[in-house]
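The values are calculated or read from the model by the stated rules, or taken from the named source; none is laboratory data. The shown structure was predicted, so the numbers you read here are calculated from the model rather than taken from an experiment. When we count neighbours, we look across all protein chains shown, and the Cβ atoms used for this are built from the backbone with ideal geometry, even at glycine. For accessibility, only protein heavy atoms count, side chains too; no ligands or nucleic acids. Shrake-Rupley method; radii C 1.70, N 1.55, O 1.52, S 1.80 Å.
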Amino acid sequence: MSNGFTTSGPGGADGINEIKTDIVTLTRFILDEQSRVASNATGDFTLLLNSLQFAFKFIAHNIRRATLVNLIGLAGATNSTGDDQKKLDVIGDDIFINAMRASGKVKVVVSEEQDEIIVFDGDGKYCVVNDPIDGSSNLDAGVSVGTIFGVYKLQPGSTGTAADVLRPGTEMIAAGYTMYGASANLVLTTGFGVNGFTLDTALGEFILTHPDMKIPKKRAIYSANEGNTIYWDKPTQDYFHKLKYPEDGSKPYSARYIGSMVADVHRTLLYGGIFAYPADSKSKNGKLRLLYECFPMAMLVEQAGGLATTGRKRILDIVPTQIHARSGIFLGSELEVQKIIDEYKKFDEAQ
Ligand code: AHG
Ligand code: MN
Ligand code: MN
């Protein structure tokens, strides 16, 4: 089979030696995207994404060899939200910050591992928010982890302050994650759909392998830490109860929870279903961080045709009050997420 992108090898037209000779690398893809993101394209956005992909390759490399060089273990410090930091959290954070500084295009960085915003010298025009290693409690077990990121444009005239990133998710101009598992998978949106790339370690390039990703409209899978059920409010408890005890006698939903947001959202994007980390009913606060966990994932899921909500409010419409602000979140297939929105509506109308 020849589709214009392949060259047949000696195995014949349909043979196993068919080799693609005109592949779309991330660099090629973002050069095309640049002109769509900014009509007055200067190449800055392309350079920024190029620095991001360097950080992902470097982090992927360190995770691959972590077990070999005994990096796994505690670094002896705690981060801004009180978690123990693993060595790979520290290394991932350093790699990311250095790559953003070196790009010359970034003014502000927010990292899960840094209490305060980082402001670089120079006239960078972008702000990058990131969770350098998401799912780090899974590292010792060799389970997939990832880097999550989002990009804002610096406010006109700003010298770089927290106000540049304390903006709703709708103002992000790009977002994505790289999942480090059997291979490194980069899933990216610049506001024109979602595209997935796989790192070819031999070429050292991310290759477009999942063009124009669309999340299935529905799927009977839920993904949540159900050990927290007693902390959830009534609409959330009722919603999950109905998935397990369907009122119409249909088959109950399957539970799938990895405990790495990146890996759980990746599966949800590919297979459909719902991922949730609901808020605590007393504190009314969630665990996941708005800027570098909820917003990027919400943007990706919406761009793939799904929904992301607190149950009562669209995630991307929230305005964070501080850089490490948290939120409850439900995201995934449109028809699955609509059910939790309906549950809250029903509950609120009965009050
Ligand atoms: P991080 O490793 O960046 O601290 O994030 C962990 C997050 C997220 O990846 C995951 O969805 C969630 O914490 C898991 O929390 P529980 O262990 O409470 O289920
Ligand atoms: Mn995280
Ligand atoms: Mn993290």
| message | Run the helix sum for the chain: -39,500 (n - 2.57) per DSSP H stretch of 4+ residues, divided by residue count, reported at 222 nm to the nearest 500 deg cm²/dmol. | response | -9000 deg cm²/dmol
| Accessible area of Y231, 1.4 Å probe, to the nearest 10 Å²? | 110 Å²
| query | What does the convex hull of the Cα atoms come to per residue for segment 198-239, in Å³? | reply | 152 Å³
| query | Peptides 324-331, 290-297: what's the order by average Cβ count within 10 Å, highest mean first? | reply | 290-297, 324-331
| query | With every protein chain left in place, what is the accessible area per residue of the chain in square angstrom, probe 1.4 Å? | reply | 46 Å²
| task | Could you grab the relative contact order for the chain? Cα pairs under 8 Å, six or more apart, rounded to a whole percent. | result | 14 percent
| note | For the chain the translational diffusion coefficient, Stokes-Einstein from a Kirkwood Rh over Cα pairs at 37 °C and viscosity 0.692 mPa s, in µm²/s, is roughly 155 µm²/s
| field | Cβ-derived FRET efficiency at R0 35 Å, S250 paired with V319, nearest 0.05 | value | 0.35
| query | So in the chain, what percent of DSSP beta bridges are antiparallel if you round to the nearest 5? | reply | 85 percent
| Taking the inverse of the average 1/r across all pairs of different Cα atoms in segment 108-177, what Kirkwood radius in Å do you get? | 13.1 Å
| task | Kindly give the semi-axes, whole Å and largest first, of the ellipsoid equivalent to segment 221-350, taking each as the square root of 5 times a Cα gyration tensor eigenvalue. | result | 21, 17, 14
| said: At 1.4 Å probe size, with the rest of the protein present, what percent of the exposed accessible area of the chain is carbon and sulfur atoms? | reply: 52 percent
